[in-house]
Amino acid sequence: MEHSIRTLPARLVARPWLLAFVPINAATAGFGVALPLYVLIPLHGGWGEVALAASLFNGAIILSSIFWGYVADRFPARRPLLLLNYAGFAALYAVLDQVTSLPLLFAIYVGVGILAPAGATAANLLVLEQFSEAERPGAYASLQEMSMIGSMGGLLVGYFWLLANAPLAPLFLVLGGLAATSVVAVYFGVGEAGRRASAAAIAQHPDSLAARFHQGPFRLPFPYFPVVPHISRAGLRRFRRWLGFEIHGELPLILAAGVLFSLAANLFNISYVPYLQQSIGLDGAAIFLINFANNVAQGLSFPASGALASSVGADRMVQRSTYLRSLGYLAVTGSTFVPLALSSAFGMNLLAFSVLGVAIALYTTSSSLILFRALEGRDAGRLLGLSSALGGVAAVGGAILSGVLSFGGNYRLPFLVSAAALLVSLPLWTGAQVAYARRRRGPRAAGTADRTGETD
C-alpha cells in the first residue's frame, strides 16, 4: 500500500497555537550556529573542541530521550513538558552570555541536550491529540512550516547581529529571549486535549514520522524510544532471531543506509563551521548567511517534496537526494584543493550548502515514506525505536570521528569520508527497493518475527 506525506498545508497555520513553535525554532537554529562560533572565537577553541561539545550533546540526547519517552507515556500532560523544555533553554542560553571557560560551556551544552527531547515528543503528541485523523496531515505540515520559518528567522537574527559588529556572547541573551517568547505563547495559547495518545502512536502516522525526522543543518532528529530497550541475554537472543528472519528483507538495508546518512551528516556538519571560520577565514555573519541559504533552500523544497515523492516514487527520490547530497559534500571537498579568494569561497559554499538544503528536504520525505512502508504490519513502535537508536549512535559516532580527524588538521578528509558514506548507502537503498518488491510478490508467512516484536 502506497502512502503520501502532506508537505504543503491547506493554510499556513492549521491553528493559531502552532505559532508558539516559531520563536523556539528561531532560538535553536541560531544557537546551533552561534555555539560552535563561540567555541572558536571568544573561547579560542578549535575543531576538536567543537567536536567534543557535539559528542557530549548527542550522547545526552540519546540517554535523555529514553527518560522523556517514559515520562510522556506515564504523565500525559504536554504543556508542562513544553514549558520545561523552552524555559530551560531560555535559562541556559542566558547563562552562556557569562561563560568564559570551555568546561563550563560543555556542561551547559549537555544540559541543553538533556532537555531537548522533552519538547520534541510533546509537540508531536499535541498534534496527534488535538487534531482529528483527517486534519493531522495538514497539521504536521503546518508544524514543519513553523519550524522552517522560525529557523530562517533565527539565522537572520544572528546574521544581522554579527553584521553590526556586536559581540557574540550577548547574542545568547537574544536567543534566550526568543525561547522565553515560546514559553509565554505555550502558557497562554496551548491547552491540553481531552484524549491521550501514547508515544508509540507516532510510529503509526507517516506525517508524524516525517516531522520527527526533519533536520536542519546543525540539528539532527531526536532519538525516539516509545519502548525502553531491555538489554538482557534473552532480549539479545530474540534480537538475533529477528535479525536472522529479516536479513533478506528491506528493513536491515534501510537501517544501515540511515546509519550511514546520520554518520555522514554529523561528521560533515560538525566539521563545517570550523572549516568556514578557521580554514577559509569567513566571519560569523557570513557563516550565519550560508546557513540561512541552506534553510531557505530547504524551506522552498520541502513543500514540493510530498508531491514529488508521489510522482517519481519514494525509492527513486531517496536515491537521487542522497546522490545530490554527496555531490554537495564533494563540491565542498573540491574547494579545499583550490585556493580561492574570500569572496569566491563564500559564494561557492553558499551555493553548495543550498544544494544540501534541497537534498535534505527531499531525503526527509522519501526516507520517511520508505521506513513507514517497511514498518507496516509490524511492531512499529519498537522497530522505530531501534531505527532511531541506531541513528543516535551514528550521530555520536560522527561527532567522535570528527574529533579524531581534527588531529590531522585537514578538513578535506572528513568531507571526503562524509561523501563516501553517502555513496556507499546508495546500493543499500537500491537493495531495499528490490527486497520490498520481492516481499510484495510473495506474502510473508504467518508467525513472523514481527509478531514477536523482538528487537529489544
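Within segment 362-378, the set of residues being modelled with pLDDT under 75 and in contact with an Asp or Glu (Cβ under 6 Å, 6 or more places away or on another chain) comprises R378 only.
With the structure loaded, tell me whether A395 is within 26 Å of W68 (Cβ to Cβ) and either crowded, with 20+ Cβ neighbours inside 10 Å or at pLDDT below 95 (or both) or whether it fails that test. It is true that A395 is within 26 Å of W68 (Cβ to Cβ) and either crowded, with 20+ Cβ neighbours inside 10 Å or at pLDDT below 95 (or both).
Evaluation of V338 against the conditions (1) assigned to a helix (DSSP H, G or I); (2) of a type in the set (A, V, I, L, M); (3) without any contact (Cβ under 8 Å) to a residue 24 or more places away in the chain shows that the sole unmet condition is (1).
Could you check segment 151-172 and list, in sequence order, the residues that are assigned to a helix (DSSP H, G or I), within 16 Å of N291 (Cβ to Cβ) and either free of Cβ contacts under 8 Å to residues at least 12 places away in the same chain or of a type outside the set (G, A, S) (or both)? The answer is M152, L155, L156, V157, Y159, F160, W161, L162, L163, L171.
Scanning segment 69-104 for residues that are of a type in the set (G, A, S) and under 21 Å from A20 (Cβ atoms), we see that the one that is surrounded by the fewest Cβ atoms within 10 Å (Cβ to Cβ) is A77. Taken together, L384, L371, L401, L362 contain a single residue that is farther than 24 Å from R316 by Cβ and not basic (K, R), which is L401. Scanning segment 173-197 for residues that are part of a helix (DSSP H, G or I) and in contact with an Asp or Glu (Cβ under 6 Å, 6 or more places away or on another chain) returns a single hit, L173.
Note on segment 234-292: residues that are touching a Lys or Arg at 6+ places or on another chain (Cβ under 9 Å) and not in a helix (DSSP H, G or I) amount to 3.
The values are calculated or read from the model by the stated rules, or taken from the named source; none is laboratory data. Treat the numbers as computed from the prediction; the structure is a model and nothing was measured. Glycine also receives a Cβ, built like all others from the backbone with ideal geometry; neighbour counts cover every protein chain displayed.
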